[in-house]
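Enquirer: Sharing a structure here in structure tokens format.
The values are calculated or read from the model by the stated rules, or taken from the named source; none is laboratory data. Remember, it's a predicted structure, so these values are computed and weren't measured experimentally. For neighbour counting, all protein chains shown are included, and Cβ atoms are generated from backbone atoms with ideal geometry for every residue, glycine included. These area figures cover heavy atoms from the full protein model, side chains too; ligands, DNA and RNA do not enter into them. Shrake-Rupley method; radii C 1.70, N 1.55, O 1.52, S 1.80 Å.
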Amino acid sequence: MQNHNLRREIKFVTRDIQYFNLLRWVRLHPAMFSKPYSDRWVNNVYYDTYDYHSYTGNLSGESQRSKIRFRWYGKLHQIENGTLEVKMKRNSFGWKINHAFPLSYSLKNLMWKDFTKKISDQLPDKDRELFLSHPMPTIINRYHREYFISHDKKVRLTIDTKQSVFDQRYKSVANITNKSFIPDNVVIEVKFDRQHYDTAMKVIRGLPIRSSRNSKYMNSINAVTGNSSLFP
């Protein structure tokens, strides 16, 4: 399945001590946020080139860039019905190309080359070429996500907490035991289609923290490499 709807994301980052203040702000907001989905754990394997093109493109602020990840929900060690996501960004707006995979895989003793082949064999030619041009699983990250949507359905909001990161670089077998250190941040993402920009700006007015440039992938690579200069 492919989704080319352009959308905007505005991110806010703060320390975990502010979590309950933020939750209170959401629950009391005039936009009347409700929960369209239950809370759940999000797991991602990110892929990059051997010279970290996705990372460096984000670091330098390239206006056109892409990011590849495989996502599944629930248990870290067990992939059930995951999705390969290609996140495309052009200036401030982005979209996703999604491919669902109804597969079941245990990450315990998972060989990355076998998993990569399983995914690539089922992709259409164009997307397979892009996927294989990012051959290295770099990190697995995992976090707890809460979902909210405004009463008029125009603004979506997620709150991510309890993030953990596992280094996968140059490893033949998946690493899900040795964590890298990463700060206990709370990440709020406000998401909306571009035609709802004015509505979204009204919604986030009064949010008790400032928006900031933030990328979980960037922070995760910084964590596994020991480079903390870009942590918020």
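Enquirer: Do you know which of the residues in the range 152-201 that are in a strand (DSSP E or B) and of a type in the set (Lys, Arg) is least open to solvent (accessible area, probe 1.4 Å)?
Expert: 191
Enquirer: When only residues in the range 26-60 that are over 23 Å from residue 161 (Cβ atoms) and without any contact (Cβ under 8 Å) to a residue 40 or more places away in the chain count, which is least open to solvent (accessible area, probe 1.4 Å)?
Expert: Out of the qualifying residues, it is 57.
Enquirer: Do the conditions hold for residue 126, that is, is it more than 27 Å from residue 53 (Cα to Cα) and open to solvent by 30 Å² or more (accessible area, probe 1.4 Å)?
Expert: Details: more than 27 Å from residue 53 (Cα to Cα): no; open to solvent by 30 Å² or more (accessible area, probe 1.4 Å): yes.
For residue 126, the condition - more than 27 Å from residue 53 (Cα to Cα) and open to solvent by 30 Å² or more (accessible area, probe 1.4 Å) - is not met.
Enquirer: Only residues in the range 114-131 that are under 14 Å from residue 97 (Cβ atoms) and without any contact (Cβ under 8 Å) to a residue 60 or more places away in the chain count as the first member; pair them with residues that are open to solvent by less than 20 Å² (accessible area, probe 1.4 Å) and among the polar types (S, T, N, Q), Cβ under 8 angstrom, at least 6 apart or cross-chain, and list the lot.
Expert: So the pair list comes out as 128/120.
Enquirer: If the Cβ limit is 6 Å and pairs must be 6+ apart or interchain, which residue in the range 164-183 that is touching a residue at least 40 places away in the same chain (Cβ under 8 Å) pairs with which residue that is of a type in the set (Asp, Glu)?
Expert: As it stands, the answer is 180/167, since those pairs meet every condition given.
Enquirer: Can I ask one more? Scanning for something modelled with pLDDT under 95, more than 21 Å from residue 176 (Cα to Cα) and in contact with a Ser or Thr (Cβ under 8 Å, 6 or more places away or on another chain), does the range 70-86 turn up at least one residue?
Expert: Yes: the range 70-86 contains one or more residues that are modelled with pLDDT under 95, more than 21 Å from residue 176 (Cα to Cα) and in contact with a Ser or Thr (Cβ under 8 Å, 6 or more places away or on another chain).
Enquirer: Hand me the list of strands (runs of 3 or more DSSP E) wholly inside the range 56-131 holding 2 or more residues that are small (Gly, Ala, Ser) and closer than 26 Å to residue 190 by Cα. Working first, answer last.
Expert: Details: elements: 64-73, 78-90, 93-106.
Strands (runs of 3 or more DSSP E) meeting the threshold: 93-106.
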